[in-house]
Amino acid sequence: MKQVEVAVIGTGWCGGIRAETLSRSALVDKLHICEIRPDRLAEVKALTNAATATLDYQDIIKNPNISVVYISTTPEPTHFPIARDCLKAGKNVLLEKPIALEFWEADELITLARRNGVKFTIGYSQRFNTKIAYAKKKIVDGTLGKVVSVMVSRHLSRSLGKKIANRTKLSPAAMESTHDLDFVFWMLEPAKPVRVYSQGAYGVMKPLNGSYDCMWNTVTMDDGSVVVVGGGWNLPPSYPNYSTTWIEITGTEGALTLDGTYRDNWLNTVEGGTRYPMSTMPGEQVDHVFAGQMGPETIHFLECCMLDRPVMVEPVHARMVMEAYTAADLSAERNEPVSLPLDNEALARIAEWNRR
Ligand SMILES: NC(=O)c1ccc[n+]([C@@H]2O[C@H](COP(=O)([O-])OP(=O)(O)OC[C@H]3O[C@@H](n4cnc5c(N)ncnc54)[C@H](O)[C@@H]3O)[C@@H](O)[C@H]2O)c1
């Protein structure tokens with residue numbers, strides 16, 4: 001059987017999931033892992049029986065036998081240099097979102113991947129959520145008619161909000177609703193976003209990094225449909241990294257409501273109180289089965305590389321999503337709608353932010 005050597009760089013929460021998934025796959029000849037925290041490196045090495053474990057990602061770059069690399073590092077400014085070096089070395093790359101922090105970085109990664117003829121994708125795992133896949137199918141096969149509106153409401157527990165908000169100034173639109181903007185734009189293809197109006201509200205997160213607790217983004221598409229995506233990260237402590245979603249899609253011929261609140265799995269213990277297991281955004285390994293999206297997403301990318309199939313998330317799409325959430329941040333700051341694609345004046349303002 002054909003097998004490949006793969007690597008995971010950054011084996012924290014998500015990278016740990018990816019490494020464990022890969023370690024279970026018959027498609028993987030050898031798994032290599034890289035992590036700058038020696039204790040976590042040792043833990044994941046023991047869990048996955050990795051062939052090699054290193055503190056320096058250059059060891060992955062230098063190993064010509066490794067053809068597929070998953071980059072799951074934080075803080076987010078590490079994404080660009082590590083992805084750039086991997087793509088330059090001719091590796092196929094799955095990079096966790098965000099694709100980059102600046103547009104020129106995203107453009108450089110896209111160009112490098114094209115030039116080197118390698119696969120490059122972004123980890124928008126929600127595309128592998130079976131409910132989201134079903135919604136896409138029902139839109140594409142015409143069951144709902146012409147889509148008129150899409151509403152996504154997502155809230156995370158504040159422990160996750162704090163983890164994300166502590167390491168970067170990125171907003172809930174950029175760090176959380178990014179997943180929802182990605183899959184809604186994908187569902188509505190070939191329609192494109194043309195205008196974003198966003199409002200944010202402060203709560204518990206402001207003292208941590210000045211960020212909103214919640215942002216609600218209204219996006220107008222060029223076919224006239226309207227998208228409303230709300231994302232927040234201030235729910236009280238709950239199941240570790242609890243995420244709850246409610247989705248409503250209306251069309252001229254039908255409507256689809258998707259309940260992603262996970263209230264159908266209710267664990268109640270004396271020690272932990274009410275918990276909703278398997279509710280995190282990536283999902284989790286449950287003994288022999290993966291409950292959620294990151295496991296299937298990890299294997300899907302490996303199969304794309306081995307069978308030369310198209311990737312699920314085109315990096316140019318991730319760049320469009322990046323433009324939409326950046327417009328949302330600008331809109332919330334200015335208290336007025338922002339047009340897409342971003343014009344020179346908006347780009348200048350964003351460049352100013354990035355210099356701060
Ligand atoms: N798809 C999803 O559902 C989903 C969910 C959560 C997070 N994410 C994304 O995944 C990424 C990882 O998030 P996380 O929650 O797993 O973060 P994490 O902080 O738990 O793990 C990141 C790991 O990267 C390591 N690291 C940092 N620099 C490194 C380097 N140069 N070389 C090797 N290792 C390095 C850190 O030590 C840490 O262990 C983030 O960018 C986040 O946006 C995606």
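Computed over the chain, relative contact order equals 17 percent, with contacts defined as Cα pairs under 8 Å that lie 6+ residues apart.
If R0 is 45 Å, the Cβ-Cβ spacing of W353 and K146 corresponds to a FRET efficiency of close to 0.75. Taking the longest Cα principal axis of the chain as reference, the axis of helix 177-187 is set at about 80 degrees.
Taking amide H atoms as placed 1.01 Å from N in the peptide plane, the amide H of Y242 lies under 5 Å from those of S157, each 5 or more residues away in sequence or on another chain. Based on DSSP, what percent of beta bridges with both residues in the chain are antiparallel, to the nearest 5? Bridges in the chain are about 55 percent antiparallel. Under the rule a/c < 1.5 gives rounded, and otherwise a/b versus b/c splits prolate from oblate, where does the chain land using the Cα gyration tensor? Cα axes put the chain in the rounded bin. Here the Karplus relation 6.51 cos²θ - 1.76 cosθ + 1.60, evaluated at θ = phi - 60°, turns the backbone of the stretch 78-89 into coupling constants of 6, 4, 5, x, 6, 5, 4, 5, 5, 5, 4, 7 Hz, with x for every Gly and Pro.
For the stretch 127-281, the relative contact order comes to 30 percent (Cα pairs under 8 Å, sequence separation of at least 6). What the Cβ-Cβ distance of T257 and S339 gives, at R0 = 25 Å and to the nearest 0.05, is a FRET efficiency of 0.20. Note the angle between two axes, namely the Cα long axis of helix 13-23 and the longest principal axis of the Cα atoms of the chain, as a number of degrees from 0 to 90, rounded to the nearest 10. Orientation of helix 13-23: about 50 degrees from the principal axis.
With a Förster radius of 41 Å applied to the beta-carbon distance between V194 and K2, the computed FRET efficiency rounds to 0.40. How about the stretch 82-185: which trypsin sites (Lys or Arg not before Pro) there lie in a loop by DSSP and see at most 16 other Cβ atoms within 10 Å? In loop regions of the stretch 82-185 (DSSP not H, G, I, E or B), the sparsely surrounded trypsin sites (Lys or Arg not before Pro) are K146, K169.
Check cross-link reach from K2 to the aspartates and glutamates: straight Cα distance under 13 Å, and skip same-chain residues fewer than eight apart. List returned: D29, E303. Under the simplified labelling scheme, the Q285-E303 pair shows an inter-label distance of 1.9 nm, with each label point 7 Å from Cα along Cα→Cβ. In this structure the amide hydrogen of T261, modeled in the peptide plane, comes within under 5 Å of the amide hydrogens of T245, none closer than 5 places in sequence on its chain.
In the chain, a dipole from Cβ-located charges (positive for Lys and Arg, negative for Asp and Glu) runs towards its positive end, and of W266, I350, L87 it is L87 whose Cα lies farthest in that direction.
When +1 charges are put on Lys and Arg Cβ atoms and -1 charges on Asp and Glu Cβ atoms, the dipole computed for the stretch 127-281 relative to its Cα centre reaches about 480 debye.
Entry note, the chain: the mean residue ellipticity at 222 nm calculated from DSSP H runs of n ≥ 4, each adding -39500 (n - 2.57), is -11500 deg cm²/dmol after division by the residues and rounding to the nearest 500.
Within a straight-line Cα-Cα reach of under 21 Å, K138 can be paired with the following lysines, leaving aside sequence neighbours fewer than 8 residues apart in one chain: K146, K192.
Residues whose amide H comes within less than 5 Å of that of V313, counting only those at least five positions distant or on another chain, are I122 (H built at 1.01 Å from N in the peptide plane).
Taking all Cα pairs closer than 8 Å and separated by 6 or more residues, the relative contact order of the stretch 301-356 comes to 22 percent. Once the chymotrypsin sites (Phe, Trp or Tyr not before Pro) in DSSP loops with at most 13 neighbouring Cβ atoms within 10 Å are cut out of the chain, the longest remaining piece is 1-201.
In this Cβ point-charge picture (+1 for Lys and Arg, -1 for Asp and Glu), the chain has a dipole of about 340 debye about its Cα centre. Compared with the dominant Cα axis of the chain, that is its longest principal axis, helix 315-334 is turned about 50°. Each Lys and Arg Cβ is given +1 and each Asp and Glu Cβ -1; about its Cα centre, the stretch 1-118 then shows a dipole of about 400 debye. Cross-link check: pairs K30/K62; K62/K119; K62/K97; K97/K119 evaluated at a Cα-Cα cut-off of 21 Å; pairs beyond the cut-off: K62/K97.
Coordinate-derived values only; no laboratory data. Computed from a predicted model, the values in this text were never measured in an experiment. Every residue, glycine as well, gets a Cβ built from its backbone with ideal geometry; the counts of neighbours run over all protein chains shown.
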